[in-house]
Amino acid sequence: MSSTALPITPGDAPPPLRLPEPALVFRTRAERLEALAKDHAAGDWLRFLARIARGQDRALREVRPGAAPRPAGGGGSPLAEAAARRDPSWRAMLRVVLASARDGALPAAAADAIARLEAAPPDVIEALADDLLAGAPADLAAAPFVGGALQAHLTRLAAAVEPTAVAPGGAACPVCGGTPVASVVLGDARVRYVVCGLCSAEWHLPRAQCAVCREAGKLSYLSVEDGPRGVAAEACEGCRAYLKVFDLAEAHGADVVADDAASLVLDLLVGERGFLRAGANPLAPGGERA
Ligand SMILES: [Zn+2]
Ligand SMILES: [Zn+2]
């Protein structure tokens with residue numbers, strides 16, 4: 001499901017921005033990952049991601065928020081500064097995420113990464129976060145944990161953003177400057193929102209428009225034959241990028257991060273057609289699976 005539950009009725013102008021409800025996002029995601037793991041070829045990996053999501057949920061309840069970020073001036077993304085110069089509370093969230101992930105069967109690379117992160121000094125962890133935010137995670141095995149903690153931290157901050165301070169614009173998230181993970185199409189109104197992989201904010205975009213280059217009328221919808229319903233790749237003939245879309249009228253209960261991780265077969269198919277993935281999933285960087 002999407003992170004907020006505002007009903008949108010056909011005929012109403014869709015709100016340009018939907019901000020997350022942190023108390024729901026990660027709990028719902030963990031449940032979705034656990035459900036998807038049943039009868040899935042990558043079930044163990046999805047259950048591992050579910051433990052990260054449980055840890056994110058726990059971190060939000062157990063770690064006190066740091067100082068509120070100063071509002072950014074100049075019309076940029078209001079959380080861009082808070083993402084770049086992070087409050088140390090996010091590293092406390094990382095410790096909770098690591099403890100939660102460790103509580104079950106682990107791929108060897110993940111176990112090593114947890115041990116490394118638990119022993120790492122703050123400057124090393126901050127450098128890993130900088131790499132991840134720049135879109136080039138240097139340590140792929142550590143990235144789901146670092147990305148998970150950043151996601152929890154920024155989702156908490158996004159919930160407190162003043163919507164009028166946000167100006168929708170280019171391909172990046174208008175709230176934090178992050179990369180989208182996927183789109184959702186909501187209910188009867190058939191309204192599409194692009195969802196940020198980092199702060200969980202959702203911004204409205206007409207369905208015909210490419211989320212990356214913003215050209216209209218260049219999208220085709222690719223899906224896996226006999227695959228799950230309501231899951232497709234919006235592939236752009238203009239910029240050759242694609243972003244997944246989850247149609248919640250058909251993909252009941254879909255969650256962008258969970259369902260993206262569970263549909264990596266679609267990435268293979270779309271990649272073979274020569275399209276480049278535009279979505280970034282902090283829990284599954286590079287579509288890595290263990
Ligand atoms: Zn964002
Ligand atoms: Zn495009």
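Only the coordinates and a few stated rules stand behind these numbers; no lab work does. Predicted model only: the values in this text are computed from it and were never measured. Positions of Cβ are generated from backbone atoms using ideal geometry, with glycine treated the same way; all protein chains shown enter the neighbour counts.
Net charge near V245, counting Lys/Arg +1 and Asp/Glu -1 over other residues with Cβ under 15 Å of its Cβ?
Details: positive: R190, R192, R207, K218, R229, K244, R277; negative: E202, E234, D247, E250, D255, D259, D260, D267.
Net charge around V245: -1.
Between D103 and L248, what FRET efficiency comes out of the Förster formula 1/(1 + (r/R0)^6) with R0 = 22 Å and r the beta carbon distance, rounded to 0.05? Kindly include the intermediate steps, with their values, before the conclusion.
Working: r = 31 Å, r/R0 = 1.40.
FRET efficiency, L248 to D103: 0.10.
With a 10 Å Cβ neighbour count serving as the proxy for reagent exposure, in which order, fewest first, do E234, E162 appear? Don't skip to the answer; put the middle values down first.
Working: E234 28, E162 9.
Ascending number of Cβ neighbours within 10 Å: E162, E234.
Under the Kirkwood approximation for Rh and a Cα-based Rg, what ratio Rg/Rh is obtained for the chain? Mind showing how you got there, number by number?
Values: Rg = 17.8 Å, Rh = 18.9 Å.
That ratio equals 0.94.
Helix-only estimate, please: 222 nm mean residue ellipticity of the chain, summing -39500 (n - 2.57) across DSSP H runs of length 4 or more and dividing by its residues, to the nearest 500. Could the numbers behind the result be given before it?
Details: 9 runs with 110 residues, N = 290.
Value at 222 nm, helices only: -12000 deg cm²/dmol.
Fully extended, how many nm does the chain gain between R240 and L276 (0.36 nm per residue separation, minus their Cα-Cα distance)? Working shown, then result.
Working: separation 36, 0.36 × 36 = 12.96 nm, distance 0.62 nm.
Once the chain is fully extended between R240 and L276, it gains 12.3 nm.
Set Lys and Arg Cβ to +1 and Asp and Glu Cβ to -1, take the dipole of the chain about its Cα centre, and tell me which of L33, L222, T155 lies farthest positive.
Comparing the listed Cα positions along the dipole, T155 ranks first.
Once you order the gyration tensor axes a ≥ b ≥ c over the Cα atoms, which shape class does the range 180-287 get: rounded for a/c under 1.5, otherwise prolate or oblate by comparing a/b with b/c? Mind showing how you got there, number by number?
On the way: a/c = 1.18, a/b = 1.03, b/c = 1.14.
In terms of gyration-tensor shape, rounded.
For the chain, what are the DSSP H helices with axial Cα length of 20 Å or more and mean Kyte-Doolittle hydropathy of at least -1.0? Can you show the working numbers first?
Values: long enough: 22-37 (23 Å, 0.17); 43-62 (28 Å, -0.71); 143-159 (23 Å, 0.77).
What comes out of the filter, once short or polar helices are dropped, is 22-37, 43-62, 143-159.
What percent does the relative contact order of the chain come to when contacts are Cα pairs within less than 8 Å and at least six residues apart? Spell out each step's value before the answer.
Values: 553 pairs, mean separation 60.7, N = 290.
Relative contact order, the chain: 21 percent.
Between A119 and Y221, what FRET efficiency comes out of the Förster formula 1/(1 + (r/R0)^6) with R0 = 51 Å and r the beta carbon distance, rounded to 0.05?
Numbers: r = 46 Å, r/R0 = 0.90.
Plugging the Cβ-Cβ distance into 1/(1 + (r/R0)^6) gives 0.65.
Which Cα, out of P122, V195, L140, lies furthest along the positive dipole direction of the chain (beta carbon charges, K/R +1, D/E -1)?
Among P122, V195, L140, the one farthest towards the positive end of the dipole of the chain is P122.
How many nm separate the modelled label positions at A138 and A41, each set 7 Å beyond the Cα in the direction of the Cβ?
With each label point 7 Å from Cα toward Cβ, the separation is 3.4 nm.
List the residues of the range 132-162 whose backbone N lies under 13 Å from a point placed 7 Å from the Cα of D112 along the Cα-to-Cβ direction.
139-142
Kindly write out, for the range 191-198 in residue order, the coupling ³J(HN,Hα) from the Karplus curve 6.51 cos²θ - 1.76 cosθ + 1.60 (θ = phi - 60°), rounded to whole Hz, with x marking Gly and Pro.
Once θ is set to phi - 60°, the couplings for the range 191-198 become 9, 10, 10, 8, 10, 6, x, 9 Hz.
Mind giving me the nanometre distance, one decimal, between the label points for A160 and A172, set 7 Å out from Cα along Cα→Cβ?
2.2
Could you sort the peptides 133-144, 166-177, 267-278 by per-residue average Cβ neighbour count (10 Å cutoff), highest mean leading? Show your work: numbers first, answer last.
Numbers: 133-144: 17.5, 166-177: 19.5, 267-278: 15.3.
Ranked by mean Cβ neighbours within 10 Å, highest first: 166-177, 133-144, 267-278.
Name the GluC sites (Glu not before Pro) in the range 160-232 that are in a loop by DSSP and that have at most 11 other C-beta atoms within 10 Å, would you? Intermediate results must be reported in sequence, preceding the final value.
Working: sites: E202, E215, E225; in loops: E215, E225.
Here the GluC sites (Glu not before Pro) that fit, given the DSSP loop and packing criteria, are E225.
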